[in-house]
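To keep things clear, I will list the structure first and then write my remarks on it.
The values are calculated or read from the model by the stated rules, or taken from the named source; none is laboratory data. Small disclaimer: the values here were computed from a predicted structure and weren't measured. So basically every Cβ, Gly included, is an ideal-geometry build from the backbone, and we count neighbours across all protein chains shown.
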Amino acid sequence: MPSAICTSSRSARLARATDVPRFRRLVRALAGIVAGALIVLGLALSGAQAQVARSPDAALETLLDAARESMPASCAQADADRLVRILCAKRIRIGVRDYYPLFGTRTGDKREGYEIDVGLSIGRMLGVQVEFVRVNAATRIPLLAEDRIDLVIATMGHNTQRDSQVRFIRPHYYQSETVVVGRRELPVANMTDLPGRTVCVTVGNGSNAQLVSQGARLMLFDEAGVLPDRLKDGTCSLAAQDDSFFANYFKEPDFSAAFFPKFGFAQVPWGMAVARQGSEQLARAIDLIVQVFHRDGLFIDIARFHRVESAFLQVQQRVWRSPECNVDTGSTNPSCILPPLDAALKPTSFAPEVTAIENWAAKEAGIDLTLPMLKTAPAWSMFQEGVLNSLILIAGALIATFVLAVLFGAAMAARTILVRWPARTVTVVLQSSPIVLTLVIAAAIAHGLFPYSGTVALGAAIAALGMANGCNAGQALAEAVWSLRAEQGTERARGTAPGMLRGSGLFARALGRSATQIVAFLINAAKGTPIASFIGAPELLSSLTDITSFASGRVTTYSLLLVFYTVVVMLVVWLCGKLGVYLEKRQARIEEAGKVTA
Amino acid sequence: MMALVESLPAEFLPSFLAGMAVNFEIAVIAIVVGLAFGALLAFGRLVGGALGGLAASLIALMRAAPTFVVMFFLLNAIPRDAELFGMPFALSGVMTVALSLVPYSAAYVADAAVDALRHLRGGTTLAALLFLPNVMRAFFVLVMSSSAGAAIGVTEGVTVILRQAEKLPALDDRLVLFAIGIVMFGIPLQLAFVLISFIQKRLSRAAMRAPAAGAPQSGP
């Protein structure tokens, strides 16, 4: 028993002894449970807080709050981000199109369209007034760089080339492709039908380079809005522009009956953009706003209201509603955003030096010098080709004029009317034809005989310029021959003839006598060579027009063109002057020799 | 040919005549502005000295500037929202073509005016009057040259012909249409040249020993 008691007493002691740890364990367990619960709760709460912070809405709120908190002190800072400046001014300047049906149009002071409503919605999100500024394809980027607008929403396709000029907002707010539109009966089905044809385009359109590379000639316009009218009045037989632009016109029965989208190419997403410098916070804010607009379907609502095709926007809504993209980092996630169209042109090896010269001219002399023809490999190649072809064209036109002058002169000086009158008739016809029409006729005949190529166009231009000027110079030469014959006849009648000149002798003397007129028409031929671009001859004017259609710097480019041709023509004037002096001296020597013989 | 003429739309002739009126309008603007600038340049040349040298250099430059390139320069170098003395200075297509012809017309007028003023100083008034047919000749050269406007979408005579030609699939038909265009441009031009020649001959005879008109100038 004692043992039992003892045992029991020991058990009792043991029982007493073991009661404390059990309690402690219980307390510990409870404490552990509470702590665990608190940790789980804490983690849960922190996780929820993190989830809220990662939504684009919250990120936008945080960004705007931070910007507002820095005000008004930051309003006066020169280096303040554009977002701060917009909030300080309570106004955002948005560049929009004036004449782009469905997207941005203006009637008096009233603007409407998809992009206008998107701009107004952004203003509301920022809590500021919206001031719209008119831009077009050529001015939208320079106006951003010059700080004349804060944001551009102007049908601008996002390509890699423009990425270096502006900061594009991601995600994109629309997508289109370039479509070539022409009369239904025009036999154009794809790019291979374009060589030799003129396509009307807007300056700065990203797809122009692709059209040029296919051999199309471009007629440039500042505003897309004029293209349908130019198609209707026949100025343009083909026009290339975004499908979104033509969509509205194809809803018109008359337009749809006459015109047809021949083919499309260069699918490109449209992006809003801000300046690359000083707009980091603004860009971030609008990235987030656009994300929210996609997710919430605001873009789709606005598009439907303006009868704009919304298939792309519906796809984008699904993307931006997905958990992966509906976060504040969505706009940098490659699986959420679309890549820009790859339109980057390979730079020349000396492009950095050219840029340095441009910067130096801007900084030191205040001259806005832009040399696009020297900065990218395709432009440089086109420029070189243009210069070479211009020189060939000028040389060819001079030779053709001189040779045809001699031939026309000989024919019109012929004693038989069977030769003389046809030559005179051709001369009258050529004199009566405006040079543009003569060129077009030459090109039409040349293209009837040979397949279209730049060389054929150059040849046709040389022939046309040679004929137009050669016939006039030939007429002067023939008149000189006839006047010499008349003088010789008079002298023979008087019996003072020093000796009759015939054949080549007479002709050489007539050449000297008509030297001034011949030189005048040679100069005229050289001056007329740029018109060859009208029929697609790939000379310098044509090349530079193509280059400026996809690059900036029109003022510098056309100034250089004017200088080039003026200098070349002055050189031709100088050379022709030398030729004229030589011919006149030669004539004087012949006349002197005649007198001596007499 | 008759089939083609009959197939031409009824509005072709009125459109073409309206287009030719644009050619004349461009030429009138170019010759008027050219007369003003040309007179100043001629005056400068006759004054001589540094002013004369400057005027001569300007005339040489203007004579060498190709019309077609000047036209594209004006079209591209002048911003659409440009202002002159606070007034909007956006050039229309017609004005762009007209102004591109001014360097030629001013240089031509300057040369002709210098000749005329020298004749006047020499007392040969009738020879000086040859200035008038010379300006008339320049005017008709300008009418023909204004067809360059077709390249920038100005609806002048040649533009109307080219638009019509584009609708004709056969080369033969297009050539016939071009021939019609040449005849329509040629009639006023040749009549003008006959008139100019007549006036020149009358003046030359009247001037008796006055020198004949100078050498032809190159076109624009």
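When you go through A:Ser533, A:Ser433 one by one, which is the residue that is at the interface with chain B (Cβ under 8 Å from one of its Cβ atoms), modelled with pLDDT of 85 or more and touching a strand residue (DSSP E or B) at 6+ places or on another chain (Cβ under 9 Å)? It is A:Ser533. Can we say A:Ala343 is at pLDDT below 90 and surrounded by 18 or more Cβ atoms within 10 Å (Cβ to Cβ)? When the stated conditions are applied, A:Ala343 passes them.
Looking only at the range B:169-179, residues that are at the interface with another protein chain (Cβ under 8 Å from one of its Cβ atoms) and crowded, with 18+ Cβ neighbours inside 10 Å come to 2 in all. Taking the conditions (1) under 15 Å from A:Asn469 (Cα atoms); (2) free of Cβ contacts under 8 Å to residues at least 24 places away in the same chain; (3) buried (at least 18 other Cβ atoms within 10 Å of the Cβ); (4) among the hydrophobic types (A, V, I, L, M, F, W, C) in turn, A:Val428 satisfies each one other than (3). For the range A:104-122, the set of residues classified as more than 27 Å from the chain's Cα centre (by Cα) and crowded, with 20+ Cβ neighbours inside 10 Å consists of A:Ile122 only.
Just checking, does the range A:204-214 include any residue being assigned to a loop (DSSP other than H, G, I, E, B), touching a Lys or Arg at 6+ places or on another chain (Cβ under 9 Å), farther than 18 Å from A:Thr548 by Cβ and touching a residue at least 12 places away in the same chain (Cβ under 8 Å)? There is no residue in the range A:204-214 that is assigned to a loop (DSSP other than H, G, I, E, B), touching a Lys or Arg at 6+ places or on another chain (Cβ under 9 Å), farther than 18 Å from A:Thr548 by Cβ and touching a residue at least 12 places away in the same chain (Cβ under 8 Å).
If I filter the range B:125-138 down to residues being surrounded by fewer than 19 Cβ atoms within 10 Å (Cβ to Cβ) and in contact with a helix residue (DSSP H, G or I) (Cβ under 6 Å, 6 or more places away or on another chain), which single residue comes out as farthest from the other protein chains (Cβ to nearest Cβ)? Here the residue is B:Leu126. Going through (1) at the interface with chain B (Cβ under 9 Å from one of its Cβ atoms); (2) at pLDDT below 85 one by one, A:Met500 falls short only on (1). Please find, within the range A:127-147, the residue that is modelled with the lowest pLDDT out of those that are part of a helix (DSSP H, G or I) and surrounded by fewer than 23 Cβ atoms within 10 Å (Cβ to Cβ). If we take residues in the range A:127-147 being part of a helix (DSSP H, G or I) and surrounded by fewer than 23 Cβ atoms within 10 Å (Cβ to Cβ), then A:Ala145 is modelled with the lowest pLDDT.
Residues that are at negative phi and either free of Cβ contacts under 8 Å to residues at least 60 places away in the same chain or of a type in the set (D, E, K, R) (or both) within the range A:289-318 comprise A:Arg295, A:Asp296, A:Ile300, A:Asp301, A:Arg304, A:Glu309, A:Ser310, A:Ala311, A:Gln314, A:Val315, A:Gln317, A:Arg318, listed in sequence order. Of all residues in the range B:56-75, none are of a type in the set (D, E, K, R) and without any contact (Cβ under 8 Å) to a residue 24 or more places away in the chain. Looking only at residues of the range A:542-553 that are out of contact with any Lys or Arg (no Cβ under 7 Å at 6 or more places or on another chain), more than 23 Å from A:Pro451 (Cα to Cα) and not small (Gly, Ala, Ser), we find that the one that is modelled with the lowest pLDDT is A:Phe550. Exactly one residue out of A:Ala446, A:Ala476, A:Ala460 is within 13 Å of chain B (Cβ to nearest Cβ), among the small types (Gly, Ala, Ser) and closer than 19 Å to A:Lys527 by Cβ, and it is A:Ala476. The listed residues are B:Leu142, B:Leu120, B:Leu91, B:Leu99, and the only one of them that is surrounded by fewer than 24 Cβ atoms within 10 Å (Cβ to Cβ), within 14 Å of chain A (Cβ to nearest Cβ) and assigned to a helix (DSSP H, G or I) turns out to be B:Leu99.
Considering only residues in the range B:156-168 that are surrounded by fewer than 24 Cβ atoms within 10 Å (Cβ to Cβ) and at the interface with another protein chain (Cβ under 7 Å from one of its Cβ atoms), the one that is modelled with the highest pLDDT turns out to be B:Leu162.
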